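The values are calculated or read from the model by the stated rules, or taken from the named source; none is laboratory data. These figures come from a predicted structure and were not determined experimentally. Cβ coordinates were reconstructed from backbone atoms using ideal geometry, including for glycine residues, and neighbour counts include every protein chain displayed. SASA here: full protein model, heavy atoms, side chains in, ligands and nucleic acids out. Shrake-Rupley method; radii C 1.70, N 1.55, O 1.52, S 1.80 Å.
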Amino acid sequence: MPQLSFHSPVGDLTVSEEDGAIVSVDWGWSSHNAPTPLLRKAKNQFDDYFDGKLEEFDLPLNPEGTAFQKRVWDVMLKIPYGRTKTYGDIAKRLKSGARPVGTACGRNHLPIIIPCHRVLASNGGLGGYSGDGGLDTKLALLKLEGAILKGI
């Protein structure tokens, strides 16, 4: 599987491609870098995102997950840059519970691209974040986007 690693403000990231689509974004550096045109495009979009020049990624995506997880991720993709929703907001939309939505967020293979960092607890708290650095990384991404956070 082709991969490309690069430095970012939230740590080293590795983007992986399979069958012409981005399938994962992982923290850390891969020793198996094999840049492709799509992976270079992804890196350029990450650079633009971190430079404040890109608000929405435009890449073919194919993360592995259950039908429910993919529905949650589709809803997360619609949360605008700099805005947030709660786990409960997404749960209501999907006629589900907040806990399964949180689980789906935690299993997101495309963090940052599928913006699980924009999903907060109903009390205004950060909730959780499975990326490297945990809540510090989530907060950094929200601050980068200029999201207004109550009580944080």
Enumeration of residues in the stretch 100-124 that are in a loop (DSSP other than H, G, I, E, B) and either surrounded by 20 or more Cβ atoms within 10 Å (Cβ to Cβ) or in contact (Cβ under 8 Å) with a residue 40 or more places away in the chain (or both):
107, 108, 109, 110, 112, 113, 115
For the stretch 44-56, indicate whether the set of residues that are open to solvent by 30 Å² or more (accessible area, probe 1.4 Å), touching a residue at least 12 places away in the same chain (Cβ under 8 Å), within 24 Å of residue 102 (Cβ to Cβ) and not aliphatic (A, V, I, L, M) is non-empty.
yes
Residues that are part of a loop (DSSP other than H, G, I, E, B), over 10 Å from residue 4 (Cα atoms) and over 17 Å from the mean Cα position of the chain (by Cα), drawn from the stretch 14-45
19, 20
Check the stretch 65-80 and report whether any residue there is in contact (Cβ under 8 Å) with a residue 60 or more places away in the chain and of a type outside the set (Val, Ile, Thr).
no
Within the stretch 1-43, the residues that are closer than 23 Å to residue 130 by Cα, among the polar types (S, T, N, Q) and touching a strand residue (DSSP E or B) at 6+ places or on another chain (Cβ under 8 Å) are 3, 5, 14, 16, 24, 30
Suppose we keep only residues that are in contact (Cβ under 8 Å) with a residue 40 or more places away in the chain and among the charged types (D, E, K, R) within the stretch 130-152. Which one would you say is least open to solvent (accessible area, probe 1.4 Å)?
145
Filter the stretch 130-152 for residues that are among the β-branched types (Val, Ile, Thr) and either in contact with a helix residue (DSSP H, G or I) (Cβ under 7 Å, 6 or more places away or on another chain) or part of a loop (DSSP other than H, G, I, E, B) (or both); the one that is farthest from residue 74 (Cα to Cα) is 152
Subset of the stretch 63-85 [crowded, with 16+ Cβ neighbours inside 10 Å, of a type in the set (S, T, N, Q) and assigned to a loop (DSSP other than H, G, I, E, B)]
84
Picked from the stretch 1-13 (must be more than 15 Å from the chain's Cα centre (by Cα) and in a loop (DSSP other than H, G, I, E, B)), the residue nearest to residue 145 (Cα to Cα) is 7
Looking at 88, 127, which one is touching a residue at least 12 places away in the same chain (Cβ under 8 Å), open to solvent by less than 60 Å² (accessible area, probe 1.4 Å) and in a loop (DSSP other than H, G, I, E, B)?
127
